[in-house]
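The values are calculated or read from the model by the stated rules, or taken from the named source; none is laboratory data. The shown structure was predicted, so the numbers you read here are calculated from the model rather than taken from an experiment. So basically every Cβ, Gly included, is an ideal-geometry build from the backbone, and we count neighbours across all protein chains shown.
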Amino acid sequence: MVGNLLIRGMLVGILAGLFAFGFARVFGEPHIDSAIAYEEAMAEASGEAAEEEEELVSRETQAGAGLLTGSVVYGAAIGGLFSLVFAYVYGRVTSFGPRATAGLLAVAAFIAVVLVPALKYPATPPAVGNPETIGERTELFFVMLVVSVIAAVVAVALARRLWSQLGGWNAGIAGALAFIVIIAIAQYALPTVNEIPDGYSADLLWRFRTSSLGMHAVLWAVIGLAFGAVAERALPAGARARAA
Amino acid sequence: MSDITFAPEIRPVPIPVREILPWAIFGGLLMILGIYFVGAEEGATTLFSSLSTHEFVHDARHLLGFPCH
């Protein structure tokens, strides 16, 4: 049954990846092009343009097949992980049906996996970021991601523990508060990364970053809405709640 | 009216952990490998000594918010 859920999760993830690709292609790509144009203008101004960089992969491929592959592989992987967490959470952490469980889980995961890490270490367009610090920045990004996911797990466990004493509403507030406190400490303690060149367009940066969040929102929305309906058919009748 | 309720009539039955665990290990590793190739290969760390994976998924990596270069 879990294997079946995993496959369904990956298929839903591929679908979500296709939607995310469509969004990124329309709303994200123009900003990448602007950023690359800026990068080239800067290089030209500093006189480095003489040696044209050899292109391993053309821009068309990067913005087409490359973006599609990246989105779909990422979507499939996220969908697969989502289905595994769903398999644990369903009937255990909530008593909701598959659709509501999947929807709530997707909202929580979007906050913990995307939003919170992005607040500290937001997406950067081309021409932002020193190649020499890529290792350090990648490390910090994943540390923030792991802390955020652990904080979410702690928050949910705490809320469930307090549920019977405080009632659902107050237990929920207590859990959310615990999440915010852990995240606040982590984001205060972790070093800030700012490698934006002087004079870089603030508007471009903002638009690029919102389109990045939009791409993730599309991905998680499709997973959250589609997975419950798809999983419903994989769960045995006894494990299924009547009301969705 | 008393039969109209938001609470599900049948409580969903949890899937036993020992049933989930093998899939979580096998699937989890596979999924993380997929995310690694989209997000970090030939950026911070390198398994293959070329830049073709990095360049191919370049735009997706930027837009998905992974540190790219």
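Take the conditions of a type in the set (A, V, I, L, M), under 30 Å from A:Ile14 (Cα atoms), crowded, with 17+ Cβ neighbours inside 10 Å and touching a residue at least 24 places away in the same chain (Cβ under 8 Å) and apply them to A:Ala234. Does it pass? Yes; evaluated as a whole, the condition is true for this residue. Of everything in the stretch A:90-112 that's more than 9 Å from chain B (Cβ to nearest Cβ) and either of a type outside the set (A, V, I, L, M) or touching a Leu at 6+ places or on another chain (Cβ under 7 Å) (or both), which residue is farthest from A:Ile196 (Cα to Cα)? If we take residues in the stretch A:90-112 being more than 9 Å from chain B (Cβ to nearest Cβ) and either of a type outside the set (A, V, I, L, M) or touching a Leu at 6+ places or on another chain (Cβ under 7 Å) (or both), then A:Arg99 is farthest from A:Ile196 (Cα to Cα). Restricting attention to the stretch A:112-136, the residues being crowded, with 21+ Cβ neighbours inside 10 Å and out of contact with any helix residue (DSSP H, G or I) (no Cβ under 6 Å at 6 or more places or on another chain) number 2. Taken together, the residues in the stretch A:123-160 that are of a type outside the set (Phe, Trp, Tyr) and either within 14 Å of another protein chain (Cβ to nearest Cβ) or under 30 Å from A:Ile36 (Cα atoms) (or both) amount to 25. Residues of the stretch A:137-189 that are among the aromatic types (Phe, Trp, Tyr) and surrounded by 13 or more Cβ atoms within 10 Å (Cβ to Cβ): A:Phe141, A:Phe142, A:Trp163, A:Phe179.
Cβ-Cβ distances below 8 Å connect the following pairs, each with a first residue in the stretch A:95-109 that is within 16 Å of B:Arg11 (Cα to Cα), a second residue that is of a type in the set (Lys, Arg), and a separation of six or more residues or different chains: A:Ser95/B:Arg11; A:Gly97/A:Arg240; A:Gly97/A:Arg242; A:Pro98/A:Arg240. Listed by first and then second residue, the pairs with beta-carbon distance under 8 Å, at least 6 apart or on different chains, first residue in the stretch A:1-17 and without any contact (Cβ under 8 Å) to a residue 24 or more places away in the chain, second assigned to a helix (DSSP H, G or I) and not polar (S, T, N, Q), are A:Gly3/B:Trp23. Here is the figure for the stretch A:93-135: residues that are of a type outside the set (A, V, I, L, M), in a helix (DSSP H, G or I) and within 20 Å of A:Ala20 (Cα to Cα) total 3. For the stretch A:201-244, name all the residues that are modelled with pLDDT of 90 or more, in contact with a Phe, Trp or Tyr (Cβ under 9 Å, 6 or more places away or on another chain) and either over 14 Å from A:Ala102 (Cα atoms) or within 8 Å of chain B (Cβ to nearest Cβ) (or both). The answer is A:Ser201, A:Leu204, A:Arg207, A:Thr210, A:Ser211, A:Gly214, A:Met215, A:His216, A:Ala217, A:Val218.
Assess whether A:Ile182 counts as being under 21 Å from the mean Cα position of the chain (by Cα), more than 30 Å from A:Gly22 (Cβ to Cβ) and at pLDDT 95 or above.
So A:Ile182 fits the description; yes.
Would you mind stating whether A:Gly17 is modelled with pLDDT of 90 or more, crowded, with 18+ Cβ neighbours inside 10 Å, touching a Phe, Trp or Tyr at 6+ places or on another chain (Cβ under 7 Å) and within 30 Å of B:Pro14 (Cα to Cα)?
Yes.
Among A:Ala41, A:Ala37, A:Ala109, which is surrounded by fewer than 23 Cβ atoms within 10 Å (Cβ to Cβ) and within 22 Å of the chain's Cα centre (by Cα)?
A:Ala109
For A:Gln62, the conditions (1) in a helix (DSSP H, G or I); (2) crowded, with 20+ Cβ neighbours inside 10 Å; (3) touching a residue at least 40 places away in the same chain (Cβ under 8 Å) all hold with the exception of (3).
For A:Trp163, the criteria (1) assigned to a helix (DSSP H, G or I); (2) over 20 Å from the mean Cα position of the chain (by Cα); (3) touching a residue at least 12 places away in the same chain (Cβ under 8 Å); (4) more than 13 Å from every other protein chain (Cβ to nearest Cβ) hold in every case but one, which is (3). Tell me, please, whether a residue that is under 13 Å from B:Gly65 (Cβ atoms), aliphatic (A, V, I, L, M) and touching a residue at least 60 places away in the same chain (Cβ under 8 Å) can be found in the stretch A:150-157. Looking for residues that are under 13 Å from B:Gly65 (Cβ atoms), aliphatic (A, V, I, L, M) and touching a residue at least 60 places away in the same chain (Cβ under 8 Å), one finds none in the stretch A:150-157, hence no.
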